[in-house]
Structures are given as structure tokens and as C-alpha cells.
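The values are calculated or read from the model by the stated rules, or taken from the named source; none is laboratory data. The model shown is predicted, which means the values in this text are computed figures rather than measured ones. As a convention, Cβ positions derive from the backbone with ideal geometry for all residues, glycine included, and neighbour counts pool all protein chains shown. These accessible areas exclude ligands, DNA and RNA; they are computed on the full protein's heavy atoms, side chains included. Shrake-Rupley method; radii C 1.70, N 1.55, O 1.52, S 1.80 Å.
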Protein chains: 2
Amino acid sequence: MGKKAVVLLSGGLDSATSAAIALTGGYELIALSCRYGQRHVKELRAAAAVAKFLGVKEHYEIDVNLSQWGGSALTDESIAIPRTGVQIDIIPITYVPGRNTVFIALALSLAEAKEAEAIYLGINAVDYSGYPDCRPEYLGAYQHLAGLSSKAGIEGKGARLVAPLIEWTKVEIVRKAIDLGVPIDLTWSCYNGGESPCGVCDSCRIRDSALREAGYKTSDN
Amino acid sequence: MGKKAVVLLSGGLDSATSAAIALTGGYELIALSCRYGQRHVKELRAAAAVAKFLGVKEHYEIDVNLSQWGGSALTDESIAIPRTGVQIDIIPITYVPGRNTVFIALALSLAEAKEAEAIYLGINAVDYSGYPDCRPEYLGAYQHLAGLSSKAGIEGKGARLVAPLIEWTKVEIVRKAIDLGVPIDLTWSCYNGGESPCGVCDSCRIRDSALREAGYKTSDN
């Protein structure tokens, strides 16, 4: 049996690229996707398509309904998704309280149960600087906690948290995705779960601009 | 509106006591219980009964099915619950990978969404020394992570993790429970989800012995 890595797969471009990078490291992938009450739940279909494309044999989808207590435009239909452009240096209303902390906790549980060596994350600190749980110091604190929290960690066999994209710009991510043959057209980034991407939410704006700059042509742009 | 605290309520004696302690601090309680695939899912009925008894107005129950990937006798019916007595200095098979890390992450999400000041936990390092995620150093690392992970944390308004029982013996917990009028008979601790407590799993043994030592009489002992 080969060495294993858990990959958090949202269905978006970043996590698909992170998974493709994990594959280049020779890992057998175990994918994990979370149904957390996001309005763009169709990203989970994208996650399944990406996992299939990448040859992932084990893909878990877990319900963890953070929308029960609201607090974000991504999980609360009564809060509008901003459409007017990306604001910098503020925490956006699309921030979901504790989301990455919950997702990484679930990945640690899965990694420990499956004896995986690494957890690959698509988090990125550059374009999403307003999200507190996408920063290197956050990840470092989580790695420290992971070493103390688990049977495997205490035995020195805990999973490493790997966030290969954390310091990259979105254009650098797109270029790496193209380079590795990531199925960009299968990924879904739009915060609105419509028939086609809205083009005006922060996620669409950042993605579309990076795709254009990298010279990538999709049916959307 | 008064100050709020999230309490993780499993349905067991420890978390009920922790909740009662939070009440003495003048908090309005928001309870959180997790359906994680535990075989003793009836503890959730106990959690609801305890919440009602304590006058909790807001009680969330969240599905987060850690049993999907197994790895513990508590979530995997094919692994037997040990019956032969408590072993010390080993991590027991009833340890669930990442469970407390997941539960605390969920509590942090809820606390942030509701602007709660504190999170009360029933974790205890003494009788369950074999569980890595019940130790003070684990909790300290989580508090550090919490300060970095959240919008509230960065703004200096993040919730404090409070584990009042962490250094107590089980007998001390029972004495405090009696003192505060915790409805001990409503709580459920047995790892087996049978009609009545099995009396031979680690959890029953530790509880029953402490109840006897504290002089508490239930229908079970």
C-alpha cells in the first residue's frame, strides 16, 4: 500500500490544483468534501467530477450543516452575496465562521483513521487576505494543535498540513493548474449556485481575472 | 441581552456539570450536541433532557458522521467495546480520531456566529488520561488557534475555551454535580446504547465507582 494523503476538495479551482500537486508527490488520495449548508452546493458535484478525473478511489462527502447558525452570506439566503467588486483589507460577509477550522478538523479525523501522512489544502492567503483562516500563522497553529490532539500525533506519525498555494497569486495557481492538466472546466467557484457562474461575486471576479491573465479560455470567459 | 456561552453537551455527566458551572457564571447558554455516528446515540436524548432541565433556550444538534471512516469502537459496530476494566497509560480503542478537535471547531463556529464569550467543555484529563485530546496542553494549543482563526479572535473578541473539570477526579465532578443540582439521573454515560447502562464499559465503571464513592444513589447502583 502506497503512502496516503487526504485532500480537502471543495469543487473549486484551488483545491483541485492542490489535489493535483499531491498526486505529483506520489500520494494515493483520499478526498473529503463538506456539505456545510453552502448555497452553492453544486460545487459538490464539481468535487465529485474532479475526484473522478484525478482517479481518486476514496471520496467522502460529509454533512456538517454550519448554516444552522448562519452568520455568513454563503450559508444564509437572507444575506446577499456582494456583487460590486472585491474589497481588500476587510473580512467579507462571505466569510463562514469557523469553516476552515471545522474542515481541517474533519480532515485530521479522516487522516488519523486512514493513517494518511499528509493533508493537502487549497487555502490561499493572497487573494483572500480578508479570510483570517487562510493565513500561514493560522496553519502553523493548527499544525501544532494536530501534533497534540491525536493518537498519531503523539506517536510522531501525525499528518502534515500542506497548503501549497498559500502564498501564490491566483494567476500562479491557474498557471500551475494548466501545467498539471487540472480539469479547470469541471471546477466550480461561483458563490451563487446558479445555472452558470454569476461573474460578479468576489470568487467569480478573482477567478475570471486570473484565467484571462493566464490566457485560459473557458466557455465562461 | 446577557453574555452568552456555548456549551458542548454530550448527554453525559461531565458536560452536564460543565454546563451547570457555566450557569453559575451568569451566562445565557447555547447548547451544542453532535450526532457523530456514536453507537450510544441515545446520549443525545439525555442531552436534550439535560438542556431542558437547565433552562437552555437554544440547543443545536448537528450531524457530523465520523463513523463513515471508522477507527473507533464507539463508532464502528465491528469493534467490541472493552468490558474487562479500565487500562491506564494506553489510548483506548474507544478513542474516536479527532473527535474533540471536530467538536471544539463546531463550537467555535457557533460561538462566533452568536457572539458568545466562552465555550464550556466537559473534558477531563484525569480519569481519561489515555485520550490525547483531553489534556491541558491540547486545550492551550486550541485556544491559540482560536485566536488566529476567527474574525472575532483577530478583533480580540474570540471565545475563551473553558474546561472547568479538566484537572478534577471523577469523584470531584460528581460532588460538584450534586452540589449544583445537576440532574445526574437524566445523564447517560454508557458507551453501549442499550436499554440500561451495561456497567462494564470503561465509562460505566468510572462513573459508577465515582457515584458510589460520593454516596450518590441512582436506580442503576
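If you take the residues in segment B:150-165 that are touching a Phe, Trp or Tyr at 6+ places or on another chain (Cβ under 9 Å) and within 18 Å of B:Leu8 (Cα to Cα), which one is nearest to the other protein chains (Cβ to nearest Cβ)?
B:Leu161
Within segment A:206-221, which residues are outside any loop (DSSP other than H, G, I, E, B) and over 16 Å from A:His40 (Cα atoms)?
Within segment A:206-221, the first condition is being outside any loop (DSSP other than H, G, I, E, B), and the residues that meet it are A:206-213.
If the condition is that a residue be outside any loop (DSSP other than H, G, I, E, B) and over 16 Å from A:His40 (Cα atoms), then A:Ile206, A:Asp208, A:Ser209, A:Ala210, A:Leu211, A:Arg212, A:Glu213 are the ones that fit.
Does segment B:100-107 contain any residue that is outside any helix (DSSP H, G or I), at pLDDT 90 or above and under 23 Å from A:Gly37 (Cα atoms)? Before you say what the answer is, go through the steps one by one.
The initial filter retains those residues of segment B:100-107 that are outside any helix (DSSP H, G or I), namely none.
No, segment B:100-107 contains no residue that is outside any helix (DSSP H, G or I), at pLDDT 90 or above and under 23 Å from A:Gly37 (Cα atoms).
Among the residues of segment B:1-60, count how many are among the aliphatic types (A, V, I, L, M), at pLDDT below 95 and over 15 Å from the mean Cα position of the chain (by Cα).
1
Which ones in segment B:101-120 are within 7 Å of chain A (Cβ to nearest Cβ) and either hydrophobic (A, V, I, L, M, F, W, C) or open to solvent by 10 Å² or more (accessible area, probe 1.4 Å) (or both)?
Kept after step one, since they are within 7 Å of chain A (Cβ to nearest Cβ), are these residues of segment B:101-120: B:101-102, B:105-106, B:108-110, B:112-114.
Passing the criteria: B:Val102, B:Ala105, B:Leu106, B:Leu108, B:Leu110, B:Glu112, B:Ala113, B:Lys114.
Could you check segment A:33-61 and list, in sequence order, the residues that are open to solvent by less than 20 Å² (accessible area, probe 1.4 Å), in contact with a Gly (Cβ under 8 Å, 6 or more places away or on another chain) and among the aliphatic types (A, V, I, L, M)?
A:Leu44, A:Ala46, A:Ala47, A:Val50 - these are the residues of segment A:33-61 that are open to solvent by less than 20 Å² (accessible area, probe 1.4 Å), in contact with a Gly (Cβ under 8 Å, 6 or more places away or on another chain) and among the aliphatic types (A, V, I, L, M).
Taking the condition of being open to solvent by 10 Å² or more (accessible area, probe 1.4 Å), touching a Cys at 6+ places or on another chain (Cβ under 9 Å) and not in a loop (DSSP other than H, G, I, E, B), how many residues in segment A:62-83 meet it?
Of the residues in that region, 1 qualify.
Can you report the number of residues in segment A:64-75 which are closer than 18 Å to A:Leu44 by Cα and either of a type in the set (D, E, K, R) or at the interface with another protein chain (Cβ under 7 Å from one of its Cβ atoms) (or both)?
Looking only at that region, the number is 3.
Given the conditions (1) out of contact with any Phe, Trp or Tyr (no Cβ under 7 Å at 6 or more places or on another chain); (2) farther than 19 Å from B:Leu32 by Cα, and given that A:Thr94 satisfies all but one, which numbered condition is not satisfied?
Tallying (1) out of contact with any Phe, Trp or Tyr (no Cβ under 7 Å at 6 or more places or on another chain); (2) farther than 19 Å from B:Leu32 by Cα, A:Thr94 fails exactly one: (1).
So, in segment A:150-189, how many residues would count as being in a helix (DSSP H, G or I) and open to solvent by 30 Å² or more (accessible area, probe 1.4 Å)?
First, the residues of segment A:150-189 that are in a helix (DSSP H, G or I): A:151-154, A:170-180, A:184-186.
Filter once more, keeping what is open to solvent by 30 Å² or more (accessible area, probe 1.4 Å): A:151, A:154, A:172, A:175-176, A:178-180, A:185-186.
So the count comes out to 10.
Looking at segment B:89-97, is at least one residue within 14 Å of chain A (Cβ to nearest Cβ) and either part of a helix (DSSP H, G or I) or hydroxyl-bearing (Ser, Thr, Tyr) (or both)?
Restricting attention to segment B:89-97, the residues satisfying the condition of being within 14 Å of chain A (Cβ to nearest Cβ) are B:89-97.
This time we only want the ones that are either part of a helix (DSSP H, G or I) or hydroxyl-bearing (Ser, Thr, Tyr) (or both), so: B:94-95.
Yes, segment B:89-97 contains a residue that is within 14 Å of chain A (Cβ to nearest Cβ) and either part of a helix (DSSP H, G or I) or hydroxyl-bearing (Ser, Thr, Tyr) (or both).
Against the condition more than 12 Å from chain B (Cβ to nearest Cβ), part of a loop (DSSP other than H, G, I, E, B) and touching a residue at least 60 places away in the same chain (Cβ under 8 Å), how does A:Val86 come out, does it pass? Full working, then the answer.
Values: more than 12 Å from chain B (Cβ to nearest Cβ): yes; part of a loop (DSSP other than H, G, I, E, B): yes; touching a residue at least 60 places away in the same chain (Cβ under 8 Å): yes.
Here the answer is yes, as A:Val86 does meet what is asked.
Against the conditions (1) of a type in the set (D, E, K, R); (2) within 19 Å of B:Ser196 (Cβ to Cβ); (3) assigned to a loop (DSSP other than H, G, I, E, B), where does B:Arg45 fall short? Just the number, please.
Only one criterion in (1) of a type in the set (D, E, K, R); (2) within 19 Å of B:Ser196 (Cβ to Cβ); (3) assigned to a loop (DSSP other than H, G, I, E, B) is unmet by B:Arg45, namely (3).
Within segment B:121-149, restricting attention to residues that are hydroxyl-bearing (Ser, Thr, Tyr) and open to solvent by 20 Å² or more (accessible area, probe 1.4 Å), which residue is nearest to A:Ala152 (Cα to Cα)? Write out each step before concluding.
Of segment B:121-149, the ones hydroxyl-bearing (Ser, Thr, Tyr) are B:128-129, B:131, B:138, B:142, B:149.
The next check asks that each one be open to solvent by 20 Å² or more (accessible area, probe 1.4 Å); those that pass are B:128-129.
On the way: B:Tyr128: 17, B:Ser129: 16 Å.
Per the stated criteria, the residue is B:Ser129.
Go through B:Ile30, B:Ile21 for me and flag whichever is β-branched (Val, Ile, Thr) and open to solvent by 10 Å² or more (accessible area, probe 1.4 Å). Write out each step before concluding.
Working: B:Ile30 fails: open to solvent by 10 Å² or more (accessible area, probe 1.4 Å).
Result: B:Ile21 is the single residue among B:Ile30, B:Ile21 that is β-branched (Val, Ile, Thr) and open to solvent by 10 Å² or more (accessible area, probe 1.4 Å).
Can you name every residue in segment A:133-149 that is part of a helix (DSSP H, G or I), more than 7 Å from every other protein chain (Cβ to nearest Cβ) and within 18 Å of A:Pro164 (Cβ to Cβ)?
Of everything in segment A:133-149, those that are part of a helix (DSSP H, G or I), more than 7 Å from every other protein chain (Cβ to nearest Cβ) and within 18 Å of A:Pro164 (Cβ to Cβ) turn out to be A:Cys134, A:Pro136, A:Leu139, A:Gly140, A:Gln143, A:Ala146.
Hey, any hits in segment A:45-54 for a residue that's more than 27 Å from B:Thr101 (Cα to Cα), free of Cβ contacts under 8 Å to residues at least 12 places away in the same chain and of a type outside the set (Phe, Trp, Tyr)? Please lay out each step first, then the result.
Of the residues in segment A:45-54, the ones more than 27 Å from B:Thr101 (Cα to Cα) are A:45-46, A:49-50, A:52-54.
Those still in the list that are free of Cβ contacts under 8 Å to residues at least 12 places away in the same chain too: A:52.
Still in the list and also of a type outside the set (Phe, Trp, Tyr): A:52.
Checked segment A:45-54: at least one residue is more than 27 Å from B:Thr101 (Cα to Cα), free of Cβ contacts under 8 Å to residues at least 12 places away in the same chain and of a type outside the set (Phe, Trp, Tyr).
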